[in-house]
Amino acid sequence: MSILYLLIPLSLILVGIALTLFIWAVKNEQFEDLDGPAHSILYDDDVHRIPPEAQVKKPAANNKPTDKDETHHG
Amino acid sequence: MDNTLCFHCSDLLPPGPAIISQVDGEPRHFCCLGCKAVSDTIINEGLEQFYQQRSAPTITPQPIDDATREGYALYDSDSLQGPLVHYRDDGALETQLMVEGLTCAACIWLIERHLERQPGVQSIRINHSTQRARVVWTAGEIALSQILLAIRELGFHASPFQPSDWEQQMQAAQKKALTRIGIAGLGSMQAMMLAYPLSFGLTTGTDDSLIQLFRWASWLIATPVVLYSAMPFLQAALRDLRVRHLTMDVPVSLAIFGGYIASAWITVAGGEEVYFESVCMFTFFLGLGRFLEMRGRYRAGLAGASLLNAMPQTARLQLGDTERLVPAQTLKPGDTINLRPGDSVPADGTIIAGSSALDESMLTGEYLPVTRSSGERVCAGTVNSESPLQIRVDQAGQHTRLSAIMRILDQAQQEKPRTAIMADQVARYFVAAVLLAATITFATWLLLEPSRAFAITLAVLVVTCPCALSLATPTALTAATSALRAQGFLPTRGTTLEGLSTIDTLVFDKTGTLTEGRLSLRGLTPLGDMARAQCLALAAGLERHSEHPVAHAFRELESAPLTEVRNQPGQGITGQMEGRRYAIGSAAFVADRCQLGDPDPEPDDGSLTIYLATEGQWLARLALDDHLRPDALSTLRTLKQRGYQLIMASGDQSPHVARVAGQLPLDQSYSGQSPEDKLALVKALEARGHQVMMIGDGLNDLPVLAGARLSVAVAGASDIARLKADAMLLGETLTPLVTALTLAPRTRRVIRQNITLSLLYNATTLPLAMMGLIPPWLAAIGMSASSVVVVLNALRLGRTRVSAPVATAPRYSTEPLSLSEPGL
């Protein structure tokens, strides 16, 4: 049980760090827009970062587009 | 994919030649060239993901004409840029923009990606909840007007604005409040963790020093919570006591600070229990309630505050040979100002040169433009639509008719009754009861068992925590407001939701509220041999070169190419095609230009009739009027079914009023009403005991908007109307009214339930606490449980989906419509 004499002050230090981070986040306006990031992760903005050999080619123009999954790469 | 809706904006496709473009390899149909242009831009930039990701129909882009470009160019002038644009330390320029027309997250993504491609733009970030954009760009590489135009290219309208002092203060206050509850929340969790072994006897059989460790640690954690997060309560309590006002802050501060000091004392001097975790949780829940309240007010106020900063009125002052852009406030009687087509008139005056059609609907309600020429008067606030004019200022600034109306408005607003908030009334009695109970407890236990007296009194104060009570109203209001906002109804004041449940009469304005507020083509009757489609194309081709409001009805149609187009302001237009001369306009004008006799007489039904003819032959009769909004009929039917009294009061004097009234299930209808008449009407209704909601759009409704119990401004309303109204409709539809009127009584019920629940909890636990049966951990659990129940109950409001049937009617029709056909 004497380990608690180490653990509790340790947890207090961690709480202090957590508080500092929280205060920084509020100052840095991290809480201003809570809806935006939820949407922006769904967009494929990083297509240009996929190496050429891994890219899925789009079907040719005169093919009928079928599922969303087939024309969309992951 | 069905071929009856525009691929871009989901409007019904007009008859006539199809406008098609290739999207992702498939041909898609568009309702107008504007939509096609935006779609082409999107494809060219590789942003087709937009169409796959969007979750709501996109706004139909308005055509960009020279007037729009000039309007944006004004933002590049130094006098306007000064307050709006901010110079950053690294030399870049930054500004905040309000963006209109955003319907879903995909729109935001689209604008951000499109803008990032513009050379000179460093970054653009649009906030999803406030719809404000922050743009950073390099000076010299791109101008602010170009940035605004780039956004406009996609169909969205953006305007720079400067946050008012109020807003900046509120933002800072919000951040502070968030920090406070963050500290309180983290502290509560830690304190609870440390209180667990103490409360549940896990420390029996171990060193006393272990208990001391827990207590000291709890004290350390509770200190910032009490001294920072709970300070506002103490300050409010002291302030209220000084004025001899009993508010909830008094017992709350007693409990928090009393508990803290007592527990600190016990930690040092030894004793039974410490209450640090209760104190922290107290602070957290109460702080949460206040924070939600403040956030609700802030969000509501945001909508209004941004309108205050809409583009300042400017005027083109003619000094000798030069023209200068000056603020409208600096105009004096006798000044000469120039008005271009599309400008709004900045001051009352007399026309000294030029002749043009003016849109006076915001002052008079008449939707047909009025032609005015040299010697006639014009009023501030009206819009010059057709040709340039030169005006001599007669009255400016405070002395215009517009300002007079605003003053009536301010006065009427001050007399508006304010309903007392339910919770405030309850709170007063509650506080008195709590303090009384605490005093009795203390006195009694002092006689029975003095050592426990303080602890038990503390338990009483903690257990009767008004956490649940303070959360009861704000959570319900917040949930209801978010639900309403998502459905297109935005309350701008705290008292709006409450007032909604008492309404029994609705008064509607006509122009711009029940109708769309602009001229559209209602029907075309061929009078000669030419086919309808041909007539339409000819008409569109002739009207392309005009700025008259009539011409706007033809903007989105495919037009035949005409040459030598000549415009006679207020009368009509002539042009040539393949050697033949065509004319469109009033019957007299066309008869004169094409050497024709009178056409067949048509019934005067209040619509604007123009004729199309060629040399020697009448070709077509076109009827234009202000269409009803597509869902006006269904909305009013639903409201009628629910038992509301429906009244229309319009400033328009023409037969159009009677025709609109005939198409809608109204109880009463009034025409030719001045703003003062409308206000008298509302006051008469209220004198008879009715609670009136006024729905309107413009300046001619302002005094009424202020005088009615509740006022709602429609989406296209003037900025001032939106500012002064109690609520705003966000979309082009009237159905949010039904949603709001349904949700309001439900909200009231939930608030009542919440208050009952919290009072019940307090009533049952109070006697138990007074008898000394409630240990601190039980008090803490009870506090949190009651708060959670109240919040969950309020969240039920967010789940309501009220859908009223929306009938979409085709906007274009080439059949002459009979008067008996409803809803169109």
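The values are calculated or read from the model by the stated rules, or taken from the named source; none is laboratory data. Please read all numbers here as calculations on a predicted model, not as lab measurements. Glycine gets a Cβ as well: all are built from the backbone with ideal geometry, and neighbour counts include every protein chain shown.
Here are the numbers:
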{"read-out": "Identity of the residue in segment B:721-747, in contact with an Asp or Glu (Cβ under 7 Å, 6 or more places away or on another chain) and at pLDDT below 85, that ends up farthest from B:Gly798 (Cα to Cα)", "value": "B:Ala721"}
{"read-out": "Every pair of residues 6+ apart whose Cβ atoms lie under 7 Å, when the first sits in segment B:124-140 and is assigned to a strand (DSSP E or B) while the second is hydroxyl-bearing (Ser, Thr, Tyr)", "value": "B:Val135/B:Thr95; B:Val136/B:Ser123"}
{"read-out": "Qualifying residue in segment B:493-511 (condition: in contact with an Asp or Glu (Cβ under 6 Å, 6 or more places away or on another chain), surrounded by fewer than 24 Cβ atoms within 10 Å (Cβ to Cβ) and more than 16 Å from B:Leu624 (Cβ to Cβ))", "value": "yes"}
{"read-out": "Filter result for B:Glu26 (in contact with a His (Cβ under 9 Å, 6 or more places away or on another chain), farther than 30 Å from B:Ser546 by Cα and either assigned by TED's automatic domain parsing to the domain that holds B:Cys107 or not hydrophobic (A, V, I, L, M, F, W, C) (or both))", "value": "no"}
{"read-out": "Boolean, B:Ile181 is outside any loop (DSSP other than H, G, I, E, B) and either more than 13 Å from chain A (Cβ to nearest Cβ) or closer than 29 Å to B:Asp65 by Cα (or both)", "value": "no"}
{"read-out": "For B:Ala537: the one exception among (1) more than 30 Å from B:Leu633 (Cα to Cα); (2) assigned to a strand (DSSP E or B); (3) in contact with a Pro (Cβ under 9 Å, 6 or more places away or on another chain)", "value": "(2)"}
{"read-out": "Residues of segment B:547-566 satisfying the condition of being within 16 Å of B:Tyr611 (Cβ to Cβ) and either touching a Pro at 6+ places or on another chain (Cβ under 8 Å) or assigned to a helix (DSSP H, G or I) (or both)", "value": "B:His548, B:Val550, B:Ala551"}
{"read-out": "Top-ranked residue in segment B:114-129 [being buried (at least 18 other Cβ atoms within 10 Å of the Cβ) and closer than 22 Å to B:Glu732 by Cβ; ranked as modelled with the lowest pLDDT]", "value": "B:His128"}
{"read-out": "Selection within segment B:127-143 - within 12 Å of B:Gln96 (Cβ to Cβ) and out of contact with any strand residue (DSSP E or B) (no Cβ under 7 Å at 6 or more places or on another chain)", "value": "B:Asn127, B:Thr130"}
{"read-out": "Scope segment B:629-647; condition closer than 16 Å to B:Gly662 by Cα and part of a helix (DSSP H, G or I); matching residues", "value": "B:Ala632, B:Leu633, B:Ser634, B:Thr635, B:Leu636, B:Arg637, B:Lys640"}
{"read-out": "Selection within segment B:572-592 - buried (at least 19 other Cβ atoms within 10 Å of the Cβ) and not in a strand (DSSP E or B)", "value": "B:Ala587, B:Phe589, B:Val590"}
{"read-out": "Filter result (closer than 27 Å to B:Leu500 by Cβ, among the small types (Gly, Ala, Ser) and at pLDDT 85 or above) within segment B:639-670", "value": "B:Gly643, B:Ala649, B:Ala661, B:Ser669"}
{"read-out": "Residues (of a type in the set (Gly, Ala, Ser) and touching a Lys or Arg at 6+ places or on another chain (Cβ under 7 Å)) located in segment B:634-656", "value": "B:Ala649, B:Ser650"}
{"read-out": "Criterion violated by B:Thr41 - all others in (1) crowded, with 19+ Cβ neighbours inside 10 Å; (2) at pLDDT 85 or above; (3) out of contact with any strand residue (DSSP E or B) (no Cβ under 8 Å at 6 or more places or on another chain) satisfied", "value": "(1)"}
{"read-out": "Pick from segment B:204-215, criterion within 9 Å of chain A (Cβ to nearest Cβ) and over 19 Å from A:Ser11 (Cα atoms), ranking: modelled with the lowest pLDDT", "value": "B:Thr206"}
{"read-out": "B:Leu148 modelled with pLDDT of 85 or more and within 11 Å of another protein chain (Cβ to nearest Cβ)", "value": "no"}
{"read-out": "Residue within segment B:664-677 that is hydrophobic (A, V, I, L, M, F, W, C) and assigned to a loop (DSSP other than H, G, I, E, B) present", "value": "yes"}
{"read-out": "Unique residue being aliphatic (A, V, I, L, M), buried (at least 24 other Cβ atoms within 10 Å of the Cβ) and closer than 25 Å to B:Val789 by Cβ when the list is B:Leu536, B:Leu542, B:Leu477, B:Leu514", "value": "B:Leu477"}
{"read-out": "Where A:Ile41 falls short, out of the listed (1) more than 10 Å from chain B (Cβ to nearest Cβ); (2) loosely packed, with under 13 Cβ neighbours inside 10 Å; (3) at pLDDT below 75", "value": "(3)"}
{"read-out": "Count - residues of segment B:223-248 that are among the hydrophobic types (A, V, I, L, M, F, W, C), more than 12 Å from every other protein chain (Cβ to nearest Cβ) and either touching a residue at least 40 places away in the same chain (Cβ under 8 Å) or not in a helix (DSSP H, G or I) (or both)", "value": "6"}
{"read-out": "Residues being part of a loop (DSSP other than H, G, I, E, B) and either within 7 Å of another protein chain (Cβ to nearest Cβ) or of a type in the set (Asp, Glu) (or both) - total across segment A:1-18", "value": "1"}
{"read-out": "Condition met for B:Ile337 (surrounded by fewer than 18 Cβ atoms within 10 Å (Cβ to Cβ), modelled with pLDDT of 80 or more and not in a helix (DSSP H, G or I))", "value": "no"}
{"read-out": "B:Ala551 more than 26 Å from B:Leu339 (Cα to Cα) and surrounded by 19 or more Cβ atoms within 10 Å (Cβ to Cβ)", "value": "no"}
{"read-out": "Members of segment B:93-113 found to be more than 14 Å from chain A (Cβ to nearest Cβ) and crowded, with 16+ Cβ neighbours inside 10 Å, listed by number", "value": "B:Leu93, B:Thr95, B:Leu97, B:Met98, B:Gly101"}
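Residues are listed down the side, and each one gets a yes or a no for (1) β-branched (Val, Ile, Thr); (2) free of Cβ contacts under 8 Å to residues at least 24 places away in the same chain:
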{"residue": "B:Ala583", "(1), (2)": "no, no"}
{"residue": "B:Asp592", "(1), (2)": "no, yes"}
{"residue": "B:Pro599", "(1), (2)": "no, no"}
{"residue": "B:Tyr611", "(1), (2)": "no, no"}
{"residue": "B:Thr614", "(1), (2)": "yes, no"}
{"residue": "B:Gln617", "(1), (2)": "no, no"}
{"residue": "B:Ala620", "(1), (2)": "no, no"}
{"residue": "B:Ala623", "(1), (2)": "no, no"}
{"residue": "B:Asp626", "(1), (2)": "no, no"}
